[in-house]
Every structure is written in C-alpha cells, then in structure tokens.
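Structure first, commentary second.
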C-alpha cells in the first residue's frame, strides 16, 4: 500500500511553485472566497466538499482531503477541492460522477489577472502530474463546461502540457432567469398535465429548515427503495445541516396520511441549484411523483433567487454499457424539464512513466 503524509504533499506543492494551504487548516479563507464570489458553482460550497470527502473515504479508507486554498502575493486567490487516494489507479479527484472521479479546475476570485491565473494553473497541473507519478497511478481526468465565448485557460493549458481529449459529456440545466411561463413552455408537453393531475392525489411539500422527523423519513425511504444503506450516515447529516444553514432544500411528496412516498434533495450556492439525491416508492412508479418534485424544485429555486438549476448528465445509448440503460432512461426523463443542454469537455492526463 502506497502511503504519503500531508507534510510530504506540502513539499510537492512547494516544489512545483504553488503557494497553497490545505483547506483543513484554512477553512476561514475558503469561506471568505465563497462568500465574496459571484456565481459560485455548488461544487465549491464547503458542505458539498465535505460531503464528497466523506464519500471518497467511504469508498477507500486510504483517501484523504487535500483541498487547497491558493494564494498569490500572500493573498488568497483561488479554492480547489481535491481528494487523494494513492492506491487508486486514478488517484486524484474533486467530485464523483457517473463516469468516476474527476478533477475540477480551481476557482479564482473575481477579476484575478489572467496572466497570474496561467502561472498558477501550470503549477497546478505539474502538481497533479507529480502526484500521479509518485502514486504510479494510471491517469487523472478533468472536465470544463463549454463556454460559448471562449475556452477556459484550464482547458487550453492542459492541452499545451500534453493532456488529451477524453470524451464530451452533456449536462442539463434550467435557466431560472426566464419568466416561469416561459420555463413551463420548455417542459415536455406530455409532462405538464401530469404535474397538475398529480396534485389532486398527492401533496408536494418543501423542507428548507431543520426538521429531524421529515429528514429521517426521507432517509429511511431511500434505504428501503435501495434495499440497503448506500452511504454513511455522516453524509446525510451534512446534507441536513446544509438545509439548516439555508444551503439546500428537500422537496417531498406525501399521501393524504402524510406518509412520504418520494423526494428530492437539492444543494444550493448563491445563484445555483443542483439536483443531488432522489428516491421514489417503487410501487408507485405509475404516478407522476418525479414530475411534481422536479417542477416544484424549479419553482423553489427560482423563488430563492437562483439563476441556474443543474439537473444532471444527459446520457445516450453511446454511453452503454458503462452507463446502464436505466440511467439513460432517467436522464431522458430529466431532459423533459431542461431548457438548456451544454457540453462538458473531458480531458485526460496519462502517467508517462
């Protein structure tokens, strides 16, 4: 088993020319960057990073949190979520998705000079490659959302330094800046009456404050539907605390006996909302539970002033067999609520040793 300490990781950080501190000892600086940022993606919100780290630790006991607060001229300039598992063939990750773990680019503060960004990004890539080398890992993967105006520096510099195109994924969004009438017009035509008819049989509720009883009932439903415990209790506690802090909400459906039969949990940053967890009573698969929850989530996120709702990845049959047929069908259903699909360009760095 390959082992490394945070002290050794810090030496590598210094050797490649990065000025950085671990998030675990610089939490206040991380929070300051998030609180003073604009359009911060959910992936950088601290409770979401905490959640991912717990998941990685659950998957591998050798996984460790090496998320970094980057500085320039002795001032914090970026945050970078990272987990390291030297015993994995893909040792470095920021988040888990359906294709596996990927590294996301560091998030720089507003108006940080592009020239300085470029220098830091080069050092970040050297750092990742050095970790890949000492771990004898196979590769690390990354992706960056396509921007209609330009390709980001992260993408450009990776290609300049020897990275290769991995694959292009597609992601589904709802533009919440549109009037609700226009958002509704983009919803799949066959879905609209289902939402209305469902409300005659079921009740849709929103939990955006701490409520242990409701949260526990949702968690138990998830376990019952899955047939087992799929992740640590701590991840549920992190999500419940995020609701208490105003950084998440739960949309759930009850019958007239107030029994929860379906629900969806949604993470939030200042201007974004992400669909994170959903579960539905399988005996009610003929009922429009998911339709009602997605529509209510759109309404709730818009009411809370969010600009963008990320529903998830759009999978196609070309993704089989890595992605299951069921997952393809779920993403087709989710697309019925989306009014924007964007490509996310995946890149890969192979270990050259």
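Throughout, read-outs are computed from the coordinates displayed, never taken from laboratory work. These numbers come from a predicted model, not from an experiment. Cβ atoms come from the backbone with ideal geometry, glycine included; neighbour counts cover every protein chain shown.
Along its three principal directions, the equivalent ellipsoid of segment 253-316 from the Cα gyration tensor extends over semi-axes of 23, 15, 9 Å, largest first. Relative to the longest principal axis of the Cα atoms of the chain, helix 114-135 runs at roughly 90 degrees. The alpha carbon radius of gyration of segment 178-306, expressed as a multiple of 2.2 N^0.38 Å, is 1.04. Principal-axis analysis of the Cα atoms of the chain puts helix 325-335 at an angle of about 80° to the longest axis.
In a Gaussian network model over the chain where Cα atoms closer than 10 Å are linked, find which of 343, 105, 321 has the largest mean-square fluctuation. Result for the chain, Cα springs under 10 Å: 321 fluctuates most. Note on segment 1-141: along the principal axes its Cα atoms extend 41, 30, 26 Å, ordered by decreasing extent. Between residue 245 and residue 201, the contour length at 0.36 nm per residue exceeds the Cα-Cα span by 12.6 nm. Relative to the longest principal axis of the Cα atoms of the chain, helix 212-226 runs at roughly 80 degrees. Each Cα pair under 8 Å and six or more residues apart adds its sequence gap; the mean of these over the residue count of segment 178-306 is a relative contact order of 27 percent. Fewest-first ordering of 3, 340 by other beta carbons within 10 Å of each residue's beta carbon gives 3, 340. Among 338, 60, 283, 26, the ranking by other beta carbons within 10 Å of each residue's beta carbon, starting with the fewest, stands as 283, 60, 26, 338. The largest-to-smallest principal axis extents of the Cα set in the chain are 64, 42, 41 Å. Relative contact order of the chain: 22 percent, from C-alpha pairs under 8 Å at least 6 residues apart in sequence.
Taking the square roots of five times each eigenvalue of the Cα gyration tensor of segment 134-208, the equivalent ellipsoid has semi-axes of 42, 18, 12 Å, listed largest first.
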